[in-house]
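The values are calculated or read from the model by the stated rules, or taken from the named source; none is laboratory data. Computed from a predicted model, the values in this text were never measured in an experiment. Cβ sites come from the backbone with ideal geometry, for glycine too, and all protein chains shown count toward neighbours. Surface accessibility is based on the protein's heavy atoms, side chains included, excluding ligands, DNA and RNA. Shrake-Rupley method; radii C 1.70, N 1.55, O 1.52, S 1.80 Å.
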Amino acid sequence: MKKIHFLLFILIFNQIISCKKKNNTDLISNKFKIDFLVQILSDTTESKLLNDKRELVSNFTIVVPPSLPIDPINKNKSINLSQYISDTLNINDIEFVKQQFIDNKRFSFNQLSNKGFNVIDIEKYYSNNIKWDSINKIASNYYKKENMKKYFSYLSITKPIFNRELNLAYVRIRLGSGGMSRIYKKVNGTWDVKYEFDEYVE
């Protein structure tokens, strides 16, 4: 009987430890991330990222990194990206941001094709050492075929990073030859642009 109690104790103890080890990012499921992306890509307001749902969305993030501010502790270097996003989202927890970067490695933009978006497989082209000019030509040929004469490039967006309450999100965006960072805020179930900043032109 004592042996059974001891085994039960060990099982319960292991469960408690494993629960404590689980990071809060376990709450940020791939479905939540996809739902967020679907909503911001379906936006038809003046903040819209796509004019037409047939536009290409990259499954591989290619954006100019944000201009990171100077580290207040060491004036000779910039703060790192995790600190920057943590500050931007007012999380005050760099580890929470870092864990999301790790968690996002398992996230794929290819899931967007199940939601009616046209995902261009930049990841495959890049891994096969296909040159950027050739990739751009693939995109250009796609638009010609679709009779979309004004289009020539594809949207690239970073995998989203959220705050703990899951009502703020940070993304970096590339549209054509330029882009920006955005903070989205969820209000009454809808993700709206709260801030747009650090715009760039390549």
Amide proton proximity set for residue 171, modelled H, under 5 Å, gap of 5+: 182, 184
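I'd like the antiparallel share, as a percent to the nearest 5, of DSSP beta bridges with both residues in the chain. Write down the numbers at each step before the final one.
Numbers: 23 of 27 bridges.
Taking every DSSP beta bridge within the chain, about 85 percent pair in antiparallel fashion.
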Step through the residues of the range 188-202 one at a time and calculate ³J(HN,Hα) from phi using the Karplus curve (6.51 cos²θ - 1.76 cosθ + 1.60, θ = phi - 60°), rounding each to whole Hz and writing x for Gly and Pro. 6, x, 10, 8, 10, 5, 8, 9, 10, 7, 6, 5, 8, 10, 7
What accessible surface, in Å², does a 1.4 Å probe find on residue 123, ignoring ligands, DNA and RNA and rounding to the nearest 10? 90 Å²
Can you spot the aspartates and glutamates whose alpha carbon is less than 17 Å from residue 185's alpha carbon? Ignore those fewer than 8 places along the same chain. 35, 43, 46, 87, 165, 196
Over the chain: helical MRE at 222 nm, DSSP H runs n ≥ 4 each giving -39500 (n - 2.57), nearest 500: -11000 deg cm²/dmol
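For the peptides 158-166, 183-191, what is the packing order when you average, over each peptide's residues, the other Cβ atoms within 10 Å and list the highest mean first? Intermediate values should be presented prior to the final figure.
On the way: 158-166: 18.7, 183-191: 13.8.
The packing order, highest mean first, is 158-166, 183-191.
Using DSSP to call loops (not H, G, I, E or B), can you name the trypsin sites (Lys or Arg not before Pro) in the range 86-141 whose Cβ has at most 12 other Cβ atoms within 10 angstrom?
On the way: sites: 98, 105, 106, 115, 124, 131, 137; in loops: 105, 106, 131.
Within the range 86-141, the qualifying trypsin sites (Lys or Arg not before Pro) (loop, at most 12 other Cβ atoms within 10 Å) are 105, 106, 131.
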Net lengthening on full extension, residue 140/residue 195 (0.36 nm per residue, minus Cα-Cα): 16.7 nm
Compute the length gained on full extension between residue 175 and residue 71: take 0.36 nm times their separation in residues and subtract their Cα-Cα distance, giving the result in nm to one decimal. 34.5 nm
Taking one equal scatterer on every alpha-carbon of the chain, how large is log10 of I(q)/I(0) by Debye at q = 0.09 1/Å? -0.43
With all protein chains present, how much of the accessible area of the range 46-187 (probe radius 1.4 Å) comes from carbon and sulfur, to the nearest whole percent? 47 percent
3J(HN,Hα) from dihedral phi, the range 124-140, Karplus parametrisation 6.51/-1.76/1.60, rounded to Hz, x for glycine, proline: 5, 4, 5, 5, 8, 6, 7, 5, 4, 4, 5, 5, 4, 5, 4, 5, 4
Whole-Å distance linking the alpha carbon centroid of the range 167-194 with that of the range 40-117 is 9 Å
Return P(r) of the range 103-179 (all Cα-Cα pairs; 10 Å bins starting at 0; whole %; ordered from short to long distances). 15, 42, 33, 10, 1
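Taking every eigenvalue of the Cα gyration tensor of the range 28-109, multiplying by 5 and rooting it, what semi-axes result, largest first, whole Å? Show your work: numbers first, answer last.
Details: eigenvalues 163, 55, 31 Å².
In descending order the semi-axes read 29, 17, 12 Å.
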Gaussian network model of the chain, Cα within-10 Å springs - most flexible of 134, 108, 58: 134
The range 30-85: trypsin sites (Lys or Arg not before Pro) in DSSP coil with no more than 10 other Cβ atoms inside 10 Å: 75, 77
Take every Cα pair under 8 Å in the chain that's 6+ residues apart, average their separations, divide by the length, and report that relative contact order as a whole percent. 22 percent
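Rolling a 1.4 angstrom probe over the protein heavy atoms, how many square angstrom per residue are accessible across the chain?
Details: 12640 Å² over 202 residues.
Ligands and nucleic acids excluded, the result is 63 Å² per residue.
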